[in-house]
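Everything below concerns the one structure shown next.
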Amino acid sequence: MPQKVVIRLSAGFAFIFWLFYLFTDLFLLFSRSTDINSGIHEAVPNLMLNLFITSLYVYFRYKVNRAESVNFTDLLWNIFLTGLLATLASLVLRMFMYMLGSSKLAENIFLIDIIYIINIGLISLFLVAVFAVWKRLILYQKSKFLLKIWTTFEYTLVLSLLFNVLPISLPESYRLYYVVLLVLMGLFLSVNMRWVAYLNFKQKWKSILLIVLVLLYLGYFANSLFNPMNPNVEISNTIWNNVFLLSVITFTFIYALFSLLVILFNLPTSSVFEQKLEEVVNFQKLSQSIQADQSEEQVYQILLDSAVSTVMADAAWVEINNEKGETEFFKFQITPKEISTIKSYIVKNKITGVFDNSTDKSLKLDKHLAKLKGQGFKSILGFDINVQGQKIGSLALLKEVADGFDKDTTNIIKTFVGQAEVSVENYRLLNQAIVNERYKEELKIAQKVQSSLLPDKLDSNADFDVAAFSIAADEVGGDYYDSYRVDENKIAIIIGDVSGKGTSAAFHMSQMKGVFQSLAQMNLSSKEFLSKANTAISNCLEKTSFITATIFIIDQATKSIELSRAGHCPTLYYDKQKKSATYFEEPGLGLGILRNDDFHNYVEINELPYRAGDVVVLYTDGITEAKNRKGDEYGYDRLKDTILANVNENPNLIQKRLIEDLYSFTGTEFIDDDYTILILKFKEETEHK
Amino acid sequence: MIDIKTIKEGNILVLTVVGDVDASSSIELDTALQSAIESKEEKILVDCKNLNYISSAGLGVFMSYIQDIKDNNIKLVICDLNDKVYNVFEILGLHQLLTLMATNSEAKEYLGEV
């Protein structure tokens, strides 16, 4: 059932049961006075009263628990209002009886009974309301043990309702024992006052006022119960018979009194408690500042505010030398001029313990500061602010009284500073991480761009097949290969290697691509090509950079290769007829080494016919210089042997075998250099068909 | 990774290079050569007896002074390269532009005569 429904239902039931209680009691009274057997058992009115109280109990239990956030003064305010209404209603009835005076009506037993029952209803209402609130207060921050005691107390109390309706009458003393038992339990529970500590100064005063009023109501009701308005008239129920009401009124009174006293005694220390709470909040603020995506300045401002409010400083400043090398000040009731006066004074007089890492901060600085005429400050507390092992600034707190900072506050400020340092450090690290992440993204883009500079498939013709593979040690590299179909017979193929590796090499590699793609169109000889490439590339290379390259022009019409070497690793050529492989060591010079027209004197053209089954192996020095764990290089001989062993395979397989052999030689999964392999094989007769 | 000692022997400035010249250590080589050239030395001998490895960046350093040497009429000799390192110079073609000598004494003799 939803809480709302329970609350409404219980309120309705409470009213109905109260009406039943009223009518059955009146009926019983009537039948008694007229000696007519009513047929109603004597206990029925009391049963109705119990049901009424139980409904009320359910009502308040849900009503009070519904208040989600615990606001203690609001709870007290609610019972104060309930009490006010109940007392006013009760007073109105009293006035009414008073006005009747000693008239005949005033003597009417039925009227007196009605008024008495209304009063009982009002009292029950108020008491149960107070009881429900007290329960909430007592069980604030409950322990398992406390909850057990309370549950026992509550059940015992509910059980006491049975006294009214028991068919057999128990001795009077039993009731008394029961009441005493309940009151003792109530006393024990009444020491639970944790909620008081969480009231601030203002709330405490408010609570005191409300509790005093609640006590007044309780007193009023107790008085009206114990001293009925008309003692001459005997009423079927007296308060002495109702164990429940008696116990509850005693318990609520005790708890109200205890609360009042505890709050009173807590008044003087509440400011300390509040301050401690504020320290915790400040500390939290400092540690959260980084998450809230705040800037460093906000952290320093929070540090200043927190420190000032914690030590109740008269003036303070935070000085920060930010990353741009500027000095920033965060001030509290102090002028830049005063700051510089104090700082220069401290430096001039070599006062230690203020802005250094001295452990003893409680130095007697009074006599120094007293000399600072016109400042009025008599104590100072300073701390360095260090981030990533570097001093970035300082915090200074000033007071107009001597010995203004004790060890406790010093420690708290130290913790604040520490937390601020952590926040700023985190902030900076986070920013660095973001920047690094961006660089990584940029490199990824560069990698994509560069890989698109290397062709997916090289040009070939009916005479040869070609396979190429290239990998960079870093995201980008300086190895290059490309091809260009010059005319229907000629295909130009180039392999190149830019000195160095990484980003700068990658830039030069893309320049080389531009140079190749432009010059290849011009149908130059291999030597002319390199001469022009040298001129072009010399203008854009930095002083210490050069590019090595080998250019091939394969002519299907003459079945010949023309090649020139610009300082690149010698080409390995397998001659199928001779069944041997040789390195072409024709002279050459790297591009960009000699940046003038002399270059062409250092390059030569090597021309040779090709035959089916011949294999050309182009590579970069990443292959021959790859080292194993012992430091040996893969070398030219090993390369030659591997090629010879696989020379009858197709280019893709030769390439695969070579890479496998390379990695099995190095014994690593990663080769710390860019390397490229290009295998070109002239088709055998059988393959032609 | 690299250790460069600069000693003046007569009128020859001798740079002794020990270790590996890779991308990072090539900066030291560059600094040493630059200060030698800037101090108007006329005869420079780079002794590479204990140079185990030279990367393309290291070759770039030697290469970058070819023009300076020519312009300033400096005699620079590199001597005692091991086979592997010599091969690297040769493949790139630098042996055509720089004076490479087999031994220290041969180099000194050459520098003395000039």
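Mean partner shielding of peptide B:54-67, defined as the number of other chain Cβ atoms within 10 Å of each residue Cβ, is 6. What list of whole percents do you get for P(r) of chain A, with Cα-Cα distances grouped in 10 Å bins up to the one holding the largest distance? Pairs per bin, as whole percents: 3, 11, 13, 9, 7, 8, 9, 9, 8, 8, 6, 5, 3, 1, 0. Placing +1 on the Cβ of every Lys and Arg and -1 on the Cβ of every Asp and Glu, with no other charges, gives chain A a dipole of roughly 3960 debye about its Cα centre. The heavy atoms of A:LEU246 present about 20 square angstrom of accessible area, all protein chains included, probe 1.4 Å. Close Lys pairs in the range A:89-205 (alpha-carbon distance under 27 Å; sequence gap of 8 or more, or different chains): 6.
If you take the charge dipole of chain B about its Cα centre, with +1 on Lys and Arg Cβ and -1 on Asp and Glu Cβ, which of B:VAL61, B:ALA102, B:ASN82 is farthest toward its positive end? Positive-most Cα among the choices belongs to B:ALA102. On the basis of the beta-carbon distance and an R0 of 60 Å, A:LYS407 and A:ILE254 show a calculated FRET efficiency of 0.90.
For the range A:501-590, trypsin sites (Lys or Arg not before Pro) meeting the loop criterion (DSSP other than H, G, I, E, B) and having at most 12 other Cβ atoms within 10 Å: A:LYS578, A:LYS579.
Report the extension gain between A:LYS578 and A:ASN321 in nm, rounded to one decimal, defined as 0.36 nm multiplied by the number of residues separating them, less their alpha carbon distance. Don't skip to the end; give the middle numbers.
Working: separation 257, 0.36 × 257 = 92.52 nm, distance 7.62 nm.
Full extension of this stretch gives 84.9 nm more.
The trypsin sites (Lys or Arg not before Pro) of the range B:1-45 that meet both conditions, a loop assignment by DSSP and at most 11 other Cβ atoms within 10 Å of the site Cβ, are B:LYS40. About the centre of its Cα atoms, the range A:519-659 shows a dipole size close to 480 debye [charges on the beta carbon of Lys, Arg (+1) and Asp, Glu (-1) only; nearest 20 debye]. Taking the inverse of the mean 1/r over every pair of distinct Cα atoms in the range A:113-168 gives a Kirkwood hydrodynamic radius of 13.4 Å. Kirkwood's formula applied to the C-alpha pairs of the range A:60-136 gives a hydrodynamic radius of 14.1 angstrom. Using only side-chain charges placed at the Cβ, +1 for Lys and Arg and -1 for Asp and Glu, the dipole size of the range A:1-157 relative to its Cα centre rounds to 740 debye.
Computed with every protein chain present, the accessible area of A:PHE665 is close to 40 Å² [probe 1.4 Å]. Coordinate range of the alpha-carbon atoms in the range A:408-461 per principal axis, descending: 87, 9, 6 Å.
Treating r as the C-beta distance of B:ASN52 and A:LYS457 and R0 as 30 Å, the FRET efficiency rounds to 0.15.
Ligands, DNA and RNA excluded, the heavy atoms of B:THR6 present near 80 Å² of accessible surface to a 1.4 Å solvent probe.
Computed over the Cα atoms of the range A:108-218, the ratio of the radius of gyration to the Kirkwood radius (Rg/Rh) comes to 1.05. Listed by chain and number, the aspartates and glutamates placed with their C-alpha closer than 14 angstrom to that of A:LYS527 are A:GLU562, A:GLU586, A:ASP597, A:ASP598, A:GLU604, A:GLU607; residues fewer than eight positions away on the same chain are left out. Placing R0 at 41 angstrom, the Cβ-Cβ distance between A:GLU684 and A:ILE434 gives a FRET efficiency of 0.10 after rounding to 0.05. Sorting the Cα pairs of the range A:617-689 by distance into bins of 10 Å, from 0 upward, gives 19, 51, 21, 7, 1 percent per bin. When the label point is put 7 Å from the Cα of A:ILE114 along its Cα-to-beta-carbon vector, which residues of the range A:77-102 have a backbone N closer than 18 Å? Inside the label zone: A:89-102. Each of A:ILE254, A:GLY590, A:MET1 was scored by the projection of its Cα onto the charge dipole of the protein assembly as shown, and the greatest displacement toward the positive side belongs to A:ILE254; charges sit on the C-beta of Lys, Arg, Asp and Glu.
Peptides B:46-53, A:56-63, A:12-19, A:448-455 ranked from most to least packed give A:56-63, B:46-53, A:12-19, A:448-455, packing being the mean of other C-beta atoms within 10 angstrom over each peptide's residues.
Counting, for every residue in A:468-474, the Cβ atoms of other protein chains within 10 Å of its Cβ and taking the mean gives 0. Ratio of Rg to Rh for the range A:405-556: 1.36 [Cα atoms; Kirkwood radius as inverse mean 1/r over pairs].
Note on A:LYS414: lysines with a C-alpha under 21 Å away, same-chain residues under 8 apart excluded, are A:LYS276, A:LYS285, A:LYS331, A:LYS343, A:LYS361, A:LYS364, A:LYS378, A:LYS391, A:LYS399.
Along the axis of the charge dipole computed for the protein assembly as shown (Cβ charges of +1 for Lys and Arg, -1 for Asp and Glu, origin at the Cα centre), the listed residues A:VAL196, A:PRO171, A:THR327 are led at the positive end by A:PRO171.
Answer rounded, prolate or oblate for the range A:442-484, using the Cα gyration tensor with square roots of eigenvalues a ≥ b ≥ c: rounded when a/c is under 1.5, else prolate when a/b is larger than b/c, else oblate. Because a/c hits 1.5 or more and a/b exceeds b/c, the range A:442-484 counts as prolate. Eigen-decomposition of the gyration tensor built on the alpha-carbon atoms of the range A:247-347 gives equivalent ellipsoid semi-axes of 45, 19, 7 angstrom, largest listed first.
Rounded, prolate or oblate for the range B:34-114? Axes are the square roots of the Cα gyration tensor eigenvalues, ordered a ≥ b ≥ c, and the cut-off for rounded is a/c under 1.5. Cα axes put the range B:34-114 in the oblate bin. What's the longest bit of chain A with no exposed GluC sites (Glu not before Pro), using DSSP loop states and at most 16 other Cβ atoms within 10 Å as the test? The answer is A:69-233. Annotated for the range A:612-689: lysine pairs at least 8 residues apart or interchain, Cα distance under 20 Å, count 7.
The values are calculated or read from the model by the stated rules, or taken from the named source; none is laboratory data. Source: prediction; values computed, not measured. With ideal geometry, Cβ positions are generated from the backbone for all residues, glycine too; neighbour counts draw on all protein chains shown. Calculation scope for accessible area: heavy atoms of the full protein, side chains included, ligands and nucleic acids excluded. Shrake-Rupley method; radii C 1.70, N 1.55, O 1.52, S 1.80 Å.
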